Amino acid sequence: MAKMLLVDYEKCTGCRLCELVCSVKHTGASNPSRANVHVVKWEDEGFYLPMLCQHCVDAPCMSVCPTKAISRDEELNRVMVDYDLCIGCKACVAACPFGAMGFDEIEKKVIKCDMCDGDPLCVKFCDMKAIDYVDATTSNFERMRDASRNFAELMAKAHGG
């Protein structure tokens, strides 16, 4: 069965260990700016949110790529970048509605979660279990949708909405 990354923002403490292990695995450097996951922090609200690629079914990043360098790996249910085809135009970065695509200024290439080839380190190292690698079931998609709604309500309240 296909799997997915599920984030529980209520468990995240903002420690950013997920960013560190991700950057070390993918670049060999402990540099969160080069990680494929980013923790967005709202310190005043005490709120932290790990931002990961959602590996969308109709991925906007895949739709806008002029060289077709972004495709779906059906086996692991993930959206991947073929760096042999990627020209670094960053159209995918602009198209991602989740802010999950980034650009590594050192390597001069786009970056996104690749689920660590089916063994995500962010999940293994998150002591709070704010990130989990679960079966891609309808109930898990519903949990993700409900969490998104709760997050939207929380942000609206925090900003006077």
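Computed from the coordinates by the stated procedures, all read-outs in this text should not be read as laboratory data. Keep in mind that this is a model prediction, so the values were computed, not measured. Cβ sites come from the backbone with ideal geometry, for glycine too, and all protein chains shown count toward neighbours.
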request  = With everything on Cα atoms, drop me the angle between helix 138-158 and the longest principal axis of the chain, reported from 0 to 90° to the nearest 10.
outcome  = 60
task = Report, in degrees rounded to the nearest 10, the 0 to 90 angle that the Cα long axis of helix 17-27 makes with the longest principal axis of the chain.
result = 10
remark   = Checking every Cys Cβ in the chain against the others at 4.7 Å leaves as unpaired Cys12, Cys15, Cys22, Cys56, Cys65, Cys86, Cys89, Cys96, Cys116, Cys126
Rg over Rh [alpha-carbon atoms, Kirkwood Rh] for region 23-161 = 0.96
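Would you mind getting the Kirkwood hydrodynamic radius of region 1-78 from its Cα pairs, rounded to one decimal in Å? Intermediate results must be reported in sequence, preceding the final value.
Details: mean 1/r = 0.0696 Å⁻¹.
Kirkwood radius, region 1-78: 14.4 Å.
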message = Only Cα pairs within less than 10 Å get springs; with that Gaussian network setup on the chain, which residue of His55, His26, His38 has the largest fluctuation?
response = His26
Amide H contacts under 5 Å for Val40, placed H, 5+ residues apart = Leu49, Met51
remark   = Neighbour-count ranking for Met101, Met80 (other C-beta within 10 angstrom, fewest to most) reads Met80, Met101
ask   = Quick one: Karplus J couplings for region 65-80, per residue in order, coefficients 6.51, -1.76, 1.60, θ = phi - 60°, nearest Hz, x for Gly and Pro?
value = 5, x, 10, 6, 7, 10, 9, 9, 9, 5, 4, 9, 6, 9, 9, 10
Table column - 3J(HN,Hα) (Hz), region 30-35, Karplus curve with 6.51, -1.76, 1.60, x for Gly and Pro = 7, 9, x, 5, 9, 7
task = Select from region 42-93 those GluC sites (Glu not before Pro) which occupy a DSSP coil region and have at most 10 other Cβ atoms within 10 Å, ordered by residue number.
result = Glu74, Glu75
Choice from Ser139, Ser23, Ser63 showing the highest fluctuation, given a GNM over the chain with Cα pairs closer than 10 Å = Ser139
task = Set the Förster distance to 22 Å, then compute FRET efficiency between Asp73 and Thr138 from the Cβ-Cβ distance, nearest 0.05.
result = 0.55
Among the listed pairs Lys25/Lys68; Lys3/Lys68; Lys41/Lys124; Lys108/Lys129; Lys3/Lys90; Lys41/Lys109, those beyond 29 Å (Cα-Cα) = Lys108/Lys129
ask   = How large is ³J(HN,Hα) for each residue in region 39-46, as worked out from phi by the Karplus curve 6.51 cos²θ - 1.76 cosθ + 1.60 (θ = phi - 60°), to whole Hz, x for Gly and Pro?
value = 8, 8, 10, 10, 4, 4, 8, x
request  = Quick one: which residues, 5 or more positions from Ile131 or on another chain, have an amide H under 5 Å from its amide H? H modelled 1.01 Å from N in the peptide plane, none for Pro or chain starts.
outcome  = Asp8
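Can you put Cys96, Cys61, Cys15 in order of Cβ neighbours within 10 angstrom, beginning with the fewest? Don't skip to the end; give the middle numbers.
On the way: Cys96 21, Cys61 24, Cys15 15.
The order, fewest Cβ neighbours first, is Cys15, Cys96, Cys61.
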key: Amide proton proximity set for Ile70, modelled H, under 5 Å, gap of 5+   = Asp82
